[in-house]
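Laboratory data are not the source of any read-out in this text; all were calculated from the coordinates shown. All values derive from a computational prediction rather than experimental measurement. Cβ: placed from backbone, ideal geometry, glycine included. Neighbour counts: every protein chain shown.
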Amino acid sequence: MRKAVEVVEVAGEGLDALLTKRVTLLCMNYFYNGTLVGVNDTFVKLEDASIVYETGEWSSKSYKDSQSLPSDIYVMTSAIEAFGELKAK
C-alpha cells in the first residue's frame, strides 16, 4: 500500500494556470478549443470557442476540421479528460 504523508496544494496549477490562454479541452464526447476565461469547480468558460471534429496531424498548427460556435460555451469539468495549449484553432 502507498500512503500520502503530506499533501501540498500548489496555487496557479492546472486550468487556473491557463486562464486567458487559447486551450483545447479533450472531453468525453468532443474536443473544444477557445480562450479560457473562467474556471470553477463545476465548469469552465471558453470565449471564441469552436468544436473540433477532426484534429488532423497533431504536428500541424491548426485543426483539420474546427467549426466556430455561435457564442461562448461552458464545459463541465467532469467531462474534461485532458487539456492544454495544443493548437491555435
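Please compute the alpha carbon radius of gyration of the stretch 14-84, then divide it by the globular-protein estimate 2.2 N^0.38 Å. Two decimals is fine. Show your work: numbers first, answer last.
Numbers: Rg = 11.4 Å, N = 71, 2.2 N^0.38 = 11.1 Å.
So the Cα radius of gyration is 1.02 times the expected 2.2 N^0.38 Å.
Partners of K87 within straight-line reach, counting lysines whose Cα lies under 23 Å from its Cα and excluding those fewer than 8 residues away in the same chain: K21, K45, K61, K64. Give me the percent relative contact order of the chain, please, defined on Cα pairs under 8 angstrom at least 6 residues apart. Answer for the chain is 29 percent. Rounded to the nearest 20, the size of the Cβ-charge dipole of the stretch 34-89 about its Cα centre is 140 debye, with Lys and Arg at +1 and Asp and Glu at -1.
The modelled label-to-label distance for the pair S68/M28, using points 7 Å beyond Cα in the direction of Cβ, is 3.0 nm.
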